[in-house]
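To keep things clear, I will list the structure first and then write my remarks on it.
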Amino acid sequence: MDLKERFEIWRDVYALQIDFLRELGNYKLNAAKSDLVAAVASNQIAVARMKAHIAQELQGALRRLHQMEGRTATKAKRLVSLARNAAYIQNGDDMTRSRMQLMWAAYKVFERMVPIDQLEQTMQLDLHPGARKGTQYVNKAEPSEDCHDIPDHIDNAHMLVGYIKRRHYLPIRGTQAHRHILKVFAAIADVAQAQLEKMHGAIEQMRANTYKVWNPLIIAGLPDTIDVKKILYNGMKEL
């Protein structure tokens, strides 16, 4: 599977999120209703009122999920184009400046989808001495100017990506620098497959009523709305 196809899996992750939220909302709603019945039966009026409120909020949030589906479908399609743009990094220095800008814009979108603990893997990739040489890069902003050597405080592959992005440098294809940059892009792309498997597994557990432990999953780029928050957090401690 090439880099473009690996990035495209983020489209599937994004598209699955509405189904995941719907399954999680229904799962929590059933739990709240069950607790409500139990609270009424044991005459715990305050608990019953709280469970009834949670159930009411979850029902409303679930009814409104369809409002997000159209926007989610549009964003999922856009991620296909972004995957193509991010994969331009495979060409190293062999790209136009405008294509480089598209590539970095796509990288920024995917990087933001990845939780910090996953990004830390790229921060642990030490730089090969050869990747520090300015001769391994070209300056796309000023093609006639040489690239500076990478400063000592840039001590890992993730920092290297940020540095060359700001400087408008691109690694020469096939160099040690290019291999380092490719590792960072590949690491971000590959989070998608693990995330997709985790979400499918969680959905299967909810349908089998065996999903007992709340395990935060990435909600990659979904609107930070009240409804999403209600489904993610309402009644969380009771599950």
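Where a number appears in this text, it was derived from the coordinates with a stated rule and is not lab data. Computed from a predicted model, the values in this text were never measured in an experiment. We place every Cβ from the backbone using ideal geometry, glycine too, and count neighbours over all the protein chains shown.
Would you mind computing the Rg to Rh ratio of region 63-184 from its alpha-carbon coordinates, Kirkwood style for Rh? Value, to two decimals: 1.06.
Is the C-alpha gyration tensor of region 121-201 telling us rounded, prolate or oblate? Criteria: a/c under 1.5 is rounded; beyond that, a/b larger than b/c is prolate, otherwise oblate. In terms of gyration-tensor shape, prolate. The Rg/Rh ratio for region 1-128 is 1.22, where Rg is the radius of gyration of the alpha carbons and Rh is the Kirkwood radius. Bridgeable lysines around Lys140 (alpha carbons under 27 Å apart, same-chain partners fewer than 8 residues away excluded): Lys4, Lys108, Lys165, Lys183. In the chain, Cα pairs under 8 Å separated by at least six residues give a relative contact order of 31 percent. What separates the Cα centres of region 79-112 and region 1-59 is a distance of 36 Å. In loop segments of region 64-147 as defined by DSSP, there are no chymotrypsin sites (Phe, Trp or Tyr not before Pro) with at most 13 further C-beta atoms inside 10 Å of their C-beta.
I need to check one value: relative contact order of region 1-113, counting alpha carbon pairs closer than 8 Å and at least 6 residues apart, in percent.
34
Set against the 2.2 N^0.38 Å expectation for a compact globular protein, region 3-238 has a Cα radius of gyration ratio of 1.31.
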